[in-house]
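Here the structure comes first, spelled out in structure tokens, and everything after it is commentary.
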Amino acid sequence: MSSPLLKLGAVLSTMAMISNWMSQTLPSLVGLNSTRLSTTDALTQISPKEGWQVYSSAQDPDGRCICTVVAPEQNLCSRDAKSRQLRQLLEKVQNMSQSIEVLNLRTQRDFQYVLKMETQMKGLKAKFRQIEDDRKTLMTKHFQELKEKMDELLPLIPVLEQYKTDAKLITQFKEEIRNLSAVLTGIQEEIGAYDYEELHQRVLSLETRLRDCMKKLTCGKLMKITGPITVKTSGTRFGAWMTDPLASEKNNRVWYMDSYTNNKIVREYKSIADFVSGAESRTYNLPFKWAGTNHVVYNGSLYFNKYQSNIIIKYSFDMGRVLAQRSLEYAGFHNVYPYTWGGFSDIDLMADEIGLWAVYATNQNAGNIVISQLNQDTLEVMKSWNTGYPKRSAGESFMICGTLYVTNSHLTGAKVYYSYSTKTSTYEYTDIPFHNQYFHISMLDYNARDRALYAWNNGHQVLFNVTLFHIIKTEDDT
């Protein structure tokens, strides 16, 4: 037997010894007895999940030891493959986790940016709203200012219409001036300055006539009343509001006196716009209560009838005190001879292009209207005219250019029904309707500067435009 065979035999002999030892020792180590078991019985007890285990041993016919050894399900190779897969999965999960973390950081950053942009957008939205509101407010303010300017210009429309009537006369004057200029130019060219003084006097005469013509245009006969324009709605059903006809163009103060009795408070506004918005500039507390609504502001002072008397008071707004007071002799008061609506309207104070007037009634004139021209400083009666129109049948009255115009009612359908001229001491019945929009007029006064009628119409302060007819007389007509 060769040397390799001897080695193989030694190995086999050694394995046989090991097998024999295992057959004797392993069963006792693992807790098995030496009972012979069949191969089938041994396999039924195999539980490979518990690691390396020996369940039975036997001898084959040749006397060799046969052991049944069960290895775990997962051998070393399978564990390595699954571990590798697990590591790969872990790496992928870690990579995904890192990616998610990076995405989360970006998302947080973008979210903060979105929040910041949202705040900025809200701010811009608020600013746009503010700009829109400011624009609307500014537009409304400009519109209101334009409307007020238009309202101030409206009374001038009838004046412009009246001037159209005198267009021919003005044209004649202009033509005469052109003729004189042409004559003057011709004389200068032919004989120098000869007869210059005569021409100069003619020019001066023409200029004087033009000025007189313009002065005469300030007065006229009432032909038409249009409107009203509602300026404001405020106060009770009865009251008075007015401006000063002798004030300068820059002075547009408005005075407001609510109610016809039991009041002493006069509210002042710097302009019509302030009056409409309610922005008072000053308040006056008069020393006496007034009666009625027929007060007037003239040359910076308020003239009113003292309550429960026929006394007229002159109160200076600038000085804040009474400058004069005088009893209007024989004048009825305290609803003895009021207008048709009552309200202690016995004495009506008014002003026109000529001056200050008082309209009232006396027992001596059988309750008919008396017109008296007053001295604005002393309140003394300078001259009086007795009319034949019953004071109690008059709705309201006002003076224009020395003529008293009387309405026949204070209610719907009222019209100027009667007029009396102090210049000619004559009267006439007229028919000049006007729109009593709010159905009850408790104050109606003419303002010569504005060429308009101020009215208190059932808690509404309104303006009426008037159209006057002018008669211009030249020197040849006198």
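Data table
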read-out: Residue within region 423-433 that is surrounded by fewer than 16 Cβ atoms within 10 Å (Cβ to Cβ) and within 29 Å of TYR256 (Cα to Cα) present; value: yes
read-out: Some residue of region 439-458 being buried (at least 18 other Cβ atoms within 10 Å of the Cβ), outside any strand (DSSP E or B) and hydroxyl-bearing (Ser, Thr, Tyr); value: no
read-out: Top-ranked residue of region 397-419 - restricted to ones that are assigned to a strand (DSSP E or B), open to solvent by less than 20 Å² (accessible area, probe 1.4 Å) and without any contact (Cβ under 8 Å) to a residue 60 or more places away in the chain, ranked as farthest from THR293 (Cα to Cα); value: TYR418
read-out: Among the candidates THR233, THR208, THR283, residue that is modelled with pLDDT of 95 or more, β-branched (Val, Ile, Thr) and farther than 30 Å from GLN308 by Cβ; value: THR233
read-out: Test for MET319: is it open to solvent by 60 Å² or more (accessible area, probe 1.4 Å), of a type in the set (A, V, I, L, M, F, W, C) and on the phi < 0 side of the Ramachandran plot; value: yes
read-out: Flag if GLU249 is open to solvent by 40 Å² or more (accessible area, probe 1.4 Å) and at pLDDT below 95; value: yes
read-out: Test: residue in region 278-286 that is under 26 Å from the mean Cα position of the chain (by Cα), among the hydrophobic types (A, V, I, L, M, F, W, C), under 22 Å from TRP456 (Cβ atoms) and open to solvent by 20 Å² or more (accessible area, probe 1.4 Å); value: yes
read-out: Qualifying residues in region 322-331 (those that are open to solvent by 10 Å² or more (accessible area, probe 1.4 Å) and either polar (S, T, N, Q) or part of a loop (DSSP other than H, G, I, E, B) (or both)) - the one farthest from THR243 (Cα to Cα); value: TYR330
read-out: Residue in region 465-473 that is open to solvent by 30 Å² or more (accessible area, probe 1.4 Å) and in contact with a Gly (Cβ under 8 Å, 6 or more places away or on another chain) present; value: yes
read-out: Which listed residue is open to solvent by less than 40 Å² (accessible area, probe 1.4 Å), within 14 Å of TRP456 (Cβ to Cβ) and in contact with a strand residue (DSSP E or B) (Cβ under 6 Å, 6 or more places away or on another chain), from ASP244, ASP258; value: ASP258
read-out: Matching residues, region 327-353, being over 19 Å from THR387 (Cα atoms), without any contact (Cβ under 8 Å) to a residue 60 or more places away in the chain and of a type outside the set (Ser, Thr, Tyr); value: HIS334, ASN335, GLY342
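The values are calculated or read from the model by the stated rules, or taken from the named source; none is laboratory data. The model shown is predicted, which means the values in this text are computed figures rather than measured ones. A quick note on method: Cβ atoms are made from the backbone with ideal geometry, for glycine too, and the neighbour counts reach across all protein chains shown. Quick note on the areas: whole protein, heavy atoms, side chains included, nothing else; ligands and nucleic acids left out. Shrake-Rupley method; radii C 1.70, N 1.55, O 1.52, S 1.80 Å.
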